[in-house]
1. Below 19 Å, Cα to Cα, which lysines can residue 269 reach? Residues fewer than 8 away in the same chain don't count.
2. Pairs of alpha-carbon atoms within less than 8 angstrom and 6+ residues apart define the contacts here; what relative contact order does region 83-167 have, in percent?
3. Output the Cα-based Rg and Dmax of region 22-276 in Å, rounding Rg to one decimal and Dmax to a whole number.
4. Could you tell me how many degrees, from 0 to 90 and to the nearest 10, lie between the Cα long axis of helix 2-18 and the main elongation axis, the longest principal axis, of the Cα atoms of the chain?
5. Let me spell out the model: positive unit charges on the Cβ of Lys and Arg, negative unit charges on the Cβ of Asp and Glu, origin at the Cα centre of region 45-130. What dipole size does that give, in debye rounded to 20?
6. Just order 265-272, 230-237 by mean Cβ neighbour count inside 10 Å, highest at the front, would you?
7. I want to make sure I understand the PRE zone here: with the label point 7 angstrom from the Cα of residue 25 toward its beta carbon, which residues in region 206-224 have backbone N atoms less than 20 Å away?
8. With an 8 Å cut-off on Cα pairs and a minimum separation of 6 or more residues, tell me the relative contact order of region 35-179 in percent.
Amino acid sequence: MKKTFASLLTIIAISSQAQTHSLVKIWETDSVVAVPESVLAFNQKDASKNILFVSLIDGQPWEADGKGGIGKLNPDGKTYDSTWIKGLNCPKGMGIYKNRLYVADLNSVAIIDIKNGKIEKTITHDSTRMLNDITISDKGEVYVSDSKTGKIWKLEKDQLTLYFENMPGVNGLKAVGGDLIIGAGKSFLKADTQKQITKIADLPQGADGVEPVGNGDYIVTAWAGYIFYVQADGKVETLLDTHLEKRNTADIGYDPVRKIVYVPTFFAKTVAAYQLK
């Protein structure tokens with residue numbers, strides 16, 4: 001009995017050491033958000049003007065039906081505008097650079113003037129099929145993943161050029177410094193400026209949203225209902241598991257200052273906010 005009890009204490013101690021991060025829910029909207037796929041926190045100098053952009057599919061995930069758009073949600077979850085941008089198809093990942101919001105929308109990239117709330121232009125390529133996530137570097141380099149073809153495109157001078165190929169399941173992207181962080185299926189990767197790829201970690205589920213914590217670690221979602229904390233050394237913790245509830249965890253937004261994770265729940269039609277502990 002003593003040996004069994006001692007073994008149990010050892011297991012508990014190991015578990016407590018392994019799980020060092022957690023998510024605590026702050027708020028969740030009502031089920032009024034029209035199939036949200038991505039959330040992007042837009043933090044401004046005047047914090048009272050901060051906003052969350054939410055990509056709204058409002059239909060089937062991969063149909064050119066014109067039902068999609070971009071909504072705006074206050075960071076406290078209380079004020080929601082579902083009609084800010086209309087006329088997209090099935091918008092997903094988003095990125096911001098110099099008052100422009102870039103949106104992956106099926107086979108095109110929509111560029112939106114944030115100040116005027118208007119779509120300026122859409123850019124496509126004959127080979128794009130299912131554009132999924134977008135990230136923008138500090139220099140304004142725009143990268144977009146194509147999950148159907150396993151390619152990553154780079155947007156330069158209003159043209160999409162092939163940047164990577166042969167990446168099955170590619171989805172989540174994040175430009176961090178000079179590196180491009182890539183979620184391709186269960187492979188979590190880093191590509192440097194010379195396109196040299198190294199593996200950060202193997203994930204339990206295929207990656208969707210990717211956000212840097214700011215210390216070399218990452219928060220990564222899997223669409224089926226998982227959120228992981230990936231440490232720089234490759235260790236993976238499960239922060240949230242809602243797959244049995246059939247609540248998706250799509251392309252998250254993250255406020256690194258307040259350490260708040262914003263989760264679009266896709267078919268559950270809500271956005272939830274969690275404090276990272």
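Any read-out appearing in this document is the output of simple, stated calculations on the displayed coordinates, not a laboratory observation. On a predicted model such as this, the values are computed, not experimentally measured, just so you know. All Cβ positions, glycine included, derive from the backbone under ideal geometry; neighbour counts span all protein chains shown.
1. Answer for residue 269, where 19 Å is the Cα cut-off: 25, 67, 72, 78, 86, 92, 246, listed by chain and number.
2. Numbers: 186 pairs, mean separation 17.0, N = 85.
It rounds to 20 percent for region 83-167.
3. Looking at region 22-276, its Cα Rg and Dmax stand at 16.5, 45 Å.
4. Between helix and principal axis, roughly 20 degrees.
5. Numbers: 13 positive and 10 negative charges, 68 e Å.
In total the dipole reaches around 320 debye.
6. Working: 265-272: 20.5, 230-237: 14.8.
So the order, starting with the most tightly packed, is 265-272, 230-237.
7. So the set is 220-224.
8. Numbers: 373 pairs, mean separation 20.1, N = 145.
With pairs under 8 Å counted, the relative contact order is 14 percent.
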